[in-house]
1. Can you list, largest first and rounded to whole Å, the semi-axes you get for segment 1-57 by taking the square root of 5 times each eigenvalue of its Cα gyration tensor?
2. So who's got an amide H within less than 5 Å of the one on residue 62, skipping anything under 5 residues away but keeping other chains? H placed 1.01 Å off N, in plane.
3. Where in segment 61-77 is the amide nitrogen less than 19 Å from a point lying 7 Å along the Cα-to-Cβ axis of residue 17?
4. Along the Cα-to-Cβ line of residue 3, 7 Å from the Cα, sits a label point; which residues in segment 21-37 have backbone N less than 20 Å from it?
5. With θ taken as phi - 60° and the coefficients 6.51, -1.76 and 1.60, list the Karplus ³J(HN,Hα) couplings across segment 61-77 in order, rounded to whole Hz; mark glycine and proline as x.
6. Output ³J(HN,Hα) for segment 44-49: one whole-Hz value per residue in order, computed from phi by the Karplus curve 6.51 cos²θ - 1.76 cosθ + 1.60 with θ = phi - 60°, and x for Gly and Pro.
7. Residue by residue through segment 4-10, what is 3J(HN,Hα) from phi via Karplus (6.51 cos²θ - 1.76 cosθ + 1.60, θ = phi - 60°)? Round to whole Hz and write x for glycine and proline.
8. I need the calculated FRET efficiency for the pair residue 28 and residue 48, taking r as the beta carbon distance and R₀ as 30 Å, to the nearest 0.05.
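A short reminder: the numbers here are calculations on the coordinates, not readings from a lab. All figures in this text were calculated on a predicted structure; none of them were measured in a lab. Using ideal geometry, Cβ is built from the backbone for each residue, glycine included, and neighbour counts are taken over all protein chains shown.
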Amino acid sequence: FSVKAKVVVNCTGVYSDKIRKMNDDTCENRTLAAWGTHMILEEGLIDKGKGILISATSDGWLVFVLPYKGYTMIGTTDLKDEPNLSPEPN
C-alpha cells in the first residue's frame, strides 16, 4: 500500500543506506559502519549532558568522551568495516 507524507525519518541505524536505496538505488551511501573500543571509567570525569568529540587525531580516528549510566565512557573507532548486518545472532 502507498503512504503519503511530507517528511520521512529514517531511524534504521546501519540499515539506513539500504532503506534509502529502496527509494532511489542511485543514491550514495551516507553511513560508514565501524567497530570500536570503549573504556568505562569512574563517574564525574565529564558533566552530565555534555560530551567531547576529538576529530583531529593524527591517524584520522574519532575519540569521544561521554557520560554513560553514571560513569564516563571513552572510546574510539578501530576498524572501518562492514559488520554482520543480520539481526540474527552469529
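1. Calculated on Cα positions only, the semi-axes equal 35, 16, 11 Å.
2. 77
3. Residues 61-62, 77 qualify, since their backbone N sits under 19 Å from the label point.
4. Only 21-25 pass the distance filter.
5. 8, 8, 10, 10, 10, 9, x, 8, 6, x, 10, 10, 10, 10, x, 8, 8
6. So the J values, rounded to whole Hz, are x, 6, 8, 5, 4, x.
7. 9, 8, 7, 9, 10, 9, 9
8. Result of the calculation: an efficiency of 0.20.
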